[in-house]
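Asker: Below you will find the structure I want to go over with you.
The values are calculated or read from the model by the stated rules, or taken from the named source; none is laboratory data. Small disclaimer: the values here were computed from a predicted structure and weren't measured. Ideal geometry is used to build each Cβ from the backbone, glycine not excepted, and the neighbour counts take in all protein chains shown. Ligands, DNA and RNA are stripped out before the accessible areas are found, and what is left, the full protein with its side chains, is counted by its heavy atoms. Shrake-Rupley method; radii C 1.70, N 1.55, O 1.52, S 1.80 Å.
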Amino acid sequence: MKLTIVGGGGFRVPLVYTALLGMKDRLGIEEVVLHDVEQHRIDRIAPVLSGLAIERGIQLPFRGTTDLVDAVQGADFVLCAIRVGQLEGRVVDESVPLGHGVLGQETTGPGGLCFALRTIPVMMELANTMAEHAPDAWLINFTNPAGMVTEAVQRVLGDRAIGICDSPAGLMRRVARALGRESDQLWFDYFGLNHLGWLQGVRDGDRQLLPGLLEQDAKLDTFEEGRLFGGEWLRSLGMIPNEYLYYFYYAADTVNAIRESPESRGAFLLRQQSAFYAEGEQPPETALQQWRSTRHDRERTYMAEARSAAGVGADDGHGHDHEIDENGGYEGEAMAVLEAIANNTRAVLVLNTANRSALPFLDDRAVVEVPCLVGRSGPVPVAVGEVAPHARALVETMKDVERTTIDAALSGSRRQAIKALALHPLVPSVAIARQIFEEYCGRLPGLAEAFSE
Ligand code: G6P
Ligand code: MN
């Protein structure tokens with residue numbers, strides 16, 4: 001098997017590589033190729049990977065390249081996690097809306113739309129390259145905003161493009177733990193779009209476990225979503241939302257918390273990650289140790305602005321799986337998909353895939369995030385059926401915003417881009433949408449050029 005990682009010099013690649021070390025025989029991996037647009041990023045991550053292989057006493061050779069065709073040629077699986085515009089872009093995405101009192105966040109709100117506008121054209125290039133040079137490959141896409149990106153590339157790759165996110169699986173694991181149960185013994189009724197989903201039921205045989213859990217504040221207090229949203233609001237909803245819905249339900253509170261914090265998430269990461277990548281050549285052991293401590297600080301502060309707005313303290317490491325051990329959330333999802341397809345395991349995984357009729361109020365090509373049965377023919381979404389009216393309304397609105405954004409990204413139409421921003425529920429007016437878009441163009445020359453008409 002040839003496996004290609006696009007964004008191969010990325011900071012979370014060692015997590016994926018660790019998981020691959022554990023699965024290499026089961027998957028029959030023969031070649032791992034790291035592609036990145038910057039050789040120096042590959043050079044920085046390579047010794048970290050070597051350190052991991054030495055530590056575990058397993059050999060899994062890899063090579064780096066900056067040539068995309070070489071990287072994907074004949075691949076069986078392409079894992080993609082890229083950040084177009086890098087962290088400098090994320091800082092702009094997040095800070096411009098904040099200047100207008102609007103949420104500034106990586107994937108939610110105007111920041112996510114701006115991120116999509118510059119990312120989708122690059123992802124279409126990858127999709128076209130794959131269609132030509134690796135027509136049988138599966139694309140496992142982490143690239144954010146994952147829902148929009150996956151829907152866009154599906155226009156070229158169809159169901160071979162699968163979007164993944166660690167957030168739903170994390171929620172399900174945390175809920176199982178709070179219930180004192182193994183998650184594979186339970187059925188989770190999860191539905192929505194990427195970073196916009198809800199857990200509306202947890203079933204054990206014909207027993208519904210969620211209503212009981214929602215009544216117990218002490219148990220809700222043991223995990224991130226319970227603490228963030230609070231028992232009172234969860235009981236009102238009758239569901240547990242994905243952590244990203246905090247930015248919708250508590251938008252103004254988050255804006256205030258971010259404004260009070262010394263720096264935005266993007267700015268913190270830019271500083272932290274630049275320091276990591278600026279280091280010169282290091283032996284594997286040193287590189288691995290530095291990567292670990294940098295990662296520890298990154299995960300410890302994940303979603304800190306939401307926690308601070310909610311008035312809940314830093315995580316103790318058990319309530320959230322953006323955890324510090326090296327075999328969990330992020331890479332776990334990618335590996336589970338890979339294994340399910342490669343070995344036809346027919347596992348049930350929450351993935352971003354075309355709706356078919358899982359959510360009956362959306363059309364069949366809308367990419368949704370729902371449980372899927374996954375085997376060698378890819379993911380098949382399960383039927384979710386009708387959902388709470390409030391959730392349905394938000395999903396419908398956001399799907400329209402997503403599609404307007406995709407159209408804008410593919411056409412370079414300013415009108416469409418501004419329309420997408422203005423229709424976003426977190427943007428309070430058309431005038432503010434226009435200002436935000438103009439400011440984005442002012443600060444991102446590439447965007448101004450793509451939308452010059
Ligand atoms: C979660 C989300 C990802 C997101 C990441 C941000 O893992 O599922 O989609 O990119 O958090 O984490 P960061 O450390 O970059 O703020
Ligand atoms: Mn995600």
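Asker: Could you go through the range 197-216 and let me know if any residue there is of a type in the set (Phe, Trp, Tyr), under 21 Å from LEU359 (Cβ atoms), touching a Lys or Arg at 6+ places or on another chain (Cβ under 9 Å) and not in a helix (DSSP H, G or I).
Answerer: no
Asker: Shifting gears a bit: Got a number for residues in the range 415-453 being at pLDDT 95 or above and either over 15 Å from HIS100 (Cα atoms) or among the aliphatic types (A, V, I, L, M) (or both)?
Answerer: At the first step, the residues of the range 415-453 found to be at pLDDT 95 or above are 415-451.
Now drop any that are not either over 15 Å from HIS100 (Cα atoms) or among the aliphatic types (A, V, I, L, M) (or both), which leaves 415-423, 426-427, 430-433, 436, 441-451.
Going through the range 415-453 one residue at a time, the tally reaches 27.
Asker: Continuing with the same structure: Here are the criteria: (1) more than 16 Å from ligand 2 (Cβ to nearest atom); (2) among the aliphatic types (A, V, I, L, M); (3) under 16 Å from the mean Cα position of the chain (by Cα). Tell me which single one LEU79 does not satisfy.
Answerer: Single failed check for LEU79: (1).
Asker: If you check VAL122 against the conditions, is it in a loop (DSSP other than H, G, I, E, B), aliphatic (A, V, I, L, M) and away from ligand 2 (no atom under 15 Å from the Cβ)?
Answerer: No: the conditions fail for VAL122.
Asker: When you go through GLN73, GLN59 one by one, which is the residue that is among the polar types (S, T, N, Q) and under 22 Å from LEU288 (Cα atoms)? Give the steps one after another, and end with the answer.
Answerer: Numbers: GLN73 fails: under 22 Å from LEU288 (Cα atoms).
Going through GLN73, GLN59 in turn, the sole match is GLN59.
Asker: When you check ASN128 against the structure, is it polar (S, T, N, Q) and within 16 Å of ligand 1 (Cβ to nearest atom), yes or no?
Answerer: When the stated conditions are applied, ASN128 does not pass them.
Asker: Look at THR4 and say whether it is part of a strand (DSSP E or B), closer than 19 Å to TYR330 by Cα and not assigned by TED's automatic domain parsing to the domain that holds ARG403. Lay out the reasoning, then the answer.
Answerer: Values: part of a strand (DSSP E or B): yes; closer than 19 Å to TYR330 by Cα: yes; not assigned by TED's automatic domain parsing to the domain that holds ARG403: yes.
Answer is yes for this residue.
Asker: Return the total of residues in the range 102-111 being in a loop (DSSP other than H, G, I, E, B), within 16 Å of ligand 1 (Cβ to nearest atom) and open to solvent by less than 10 Å² (accessible area, probe 1.4 Å).
Answerer: 4
Asker: Given ARG160, ARG203, ARG177, ARG155, which one is surrounded by fewer than 18 Cβ atoms within 10 Å (Cβ to Cβ) and within 30 Å of VAL122 (Cβ to Cβ)?
Answerer: So the residue among ARG160, ARG203, ARG177, ARG155 that is surrounded by fewer than 18 Cβ atoms within 10 Å (Cβ to Cβ) and within 30 Å of VAL122 (Cβ to Cβ) is ARG155.
Asker: Here is a follow-up. Looking at this structure, is THR150 under 15 Å from ARG403 (Cβ atoms) and within 16 Å of ligand 2 (Cβ to nearest atom)?
Answerer: Considered against the rule, which asks whether it is under 15 Å from ARG403 (Cβ atoms) and within 16 Å of ligand 2 (Cβ to nearest atom), THR150 comes out as yes.
Asker: Let me ask you something else. Within the range 27-56, restricting attention to residues that are touching a helix residue (DSSP H, G or I) at 6+ places or on another chain (Cβ under 7 Å), farther than 16 Å from TRP291 by Cα and assigned to a helix (DSSP H, G or I), which residue is least open to solvent (accessible area, probe 1.4 Å)?
Answerer: Only one residue tops the list, namely LEU27.
Asker: Kindly list the number of the only condition in (1) touching a strand residue (DSSP E or B) at 6+ places or on another chain (Cβ under 8 Å); (2) in contact (Cβ under 8 Å) with a residue 40 or more places away in the chain; (3) open to solvent by less than 10 Å² (accessible area, probe 1.4 Å) that fails for GLY170.
Answerer: (1)
Asker: Please verify whether the range 93-101 includes one or more residues that are of a type in the set (Asp, Glu) and either more than 23 Å from LEU444 (Cα to Cα) or open to solvent by 10 Å² or more (accessible area, probe 1.4 Å) (or both). Step through it out loud before you land on a result.
Answerer: Step one: filter the range 93-101 for residues of a type in the set (Asp, Glu), giving 93-94.
Narrowing the set further to residues that are either more than 23 Å from LEU444 (Cα to Cα) or open to solvent by 10 Å² or more (accessible area, probe 1.4 Å) (or both) leaves none.
No, every residue in the range 93-101 fails to be of a type in the set (Asp, Glu) and either more than 23 Å from LEU444 (Cα to Cα) or open to solvent by 10 Å² or more (accessible area, probe 1.4 Å) (or both).
Asker: Is it true that TYR250 is under 21 Å from the mean Cα position of the chain (by Cα), open to solvent by 50 Å² or more (accessible area, probe 1.4 Å) and within 19 Å of THR107 (Cβ to Cβ)? Give the derivation first.
Answerer: Values: under 21 Å from the mean Cα position of the chain (by Cα): yes; open to solvent by 50 Å² or more (accessible area, probe 1.4 Å): yes; within 19 Å of THR107 (Cβ to Cβ): yes.
So TYR250 fits the description; yes.
Asker: Of (1) in contact (Cβ under 8 Å) with a residue 24 or more places away in the chain; (2) not in a helix (DSSP H, G or I), GLN59 satisfies all except one. Which?
Answerer: (1) is the only condition that GLN59 fails.
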